[in-house]
1. Taking only DSSP H segments of four or more residues, each worth -39500 (n - 2.57), what value at 222 nm results for the chain once the sum is divided by all its residues, to the nearest 500 deg cm²/dmol?
2. Each residue of the range 66-71 in order: what ³J(HN,Hα) in whole Hz does its phi give by Karplus 6.51 cos²θ - 1.76 cosθ + 1.60, θ = phi - 60°, with x for Gly and Pro?
3. List nothing, just return the count: lysine pairs in the chain, 8 or more apart or interchain, with Cα separation under 24 Å.
4. Which order do the peptides 53-65, 86-98 take when ranked by the mean count of other beta-carbon atoms within 10 Å per residue, highest first?
5. May I ask you to give the percent of accessible area on the range 9-105 that is carbon plus sulfur, with a probe radius of 1.4 Å?
6. Compute the length gained on full extension between T5 and D40: take 0.36 nm times their separation in residues and subtract their Cα-Cα distance, giving the result in nm to one decimal.
7. For the range 32-105, with every protein chain kept in place, what is the accessible area per residue (1.4 Å probe, Å²)?
8. List every residue whose amide H lies under 5 Å from the amide H of I48, counting only residues 5 or more places away in sequence or on a different chain, with H placed 1.01 Å from N in the peptide plane.
Amino acid sequence: MKIKTDLLELLSKLKKLGKSIAAYGASAKGTVLSNYCGIDRDLVSYVIDDTPEKQGLLTPGSHIEIVPPSYLQSHRPDYLLLFAWNFAEELIENTKEYRNAGGRY
């Protein structure tokens, strides 16, 4: 329960500071996390996913739009929440342009 509370407090604080937040990885674990924590479009603007079959759809339950990785270039959020945290190293490597431009995870 503490992880849920801490995550929601962090996301809410960032939003109150005017920061934009997106997520990476429309994974099952990300769906469970977002639904358990109540993370919706008010907190996360969109979810990036590499799988073409998922792009253009909405995440189950929270109804957050799933977009291709190229979307990150034109809609750069201040923060990326890694929904596919088991691939964190790979996702961070694949988004190094985002990170080098000041993006945070």
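The values are calculated or read from the model by the stated rules, or taken from the named source; none is laboratory data. Please read all numbers here as calculations on a predicted model, not as lab measurements. Glycine gets a Cβ as well: all are built from the backbone with ideal geometry, and neighbour counts include every protein chain shown. Calculation scope for accessible area: heavy atoms of the full protein, side chains included, ligands and nucleic acids excluded. Shrake-Rupley method; radii C 1.70, N 1.55, O 1.52, S 1.80 Å.
1. Numbers: 5 runs with 41 residues, N = 105.
For the chain, the value works out to -10500 deg cm²/dmol.
2. 9, 10, x, x, 4, 4
3. Value for the chain: 17.
4. Numbers: 53-65: 16.2, 86-98: 13.9.
Packing order, densest peptide first, comes out as 53-65, 86-98.
5. On the way: 2940 of 5570 Å².
In the range 9-105, the share of accessible area belonging to carbon and sulfur is 53 percent.
6. Details: separation 35, 0.36 × 35 = 12.60 nm, distance 1.50 nm.
That pair, T5 and D40, stretches by 11.1 nm at full extension.
7. Values: 4400 Å² over 74 residues.
That works out to 59 Å² per residue.
8. A23, Y24, G25, V67
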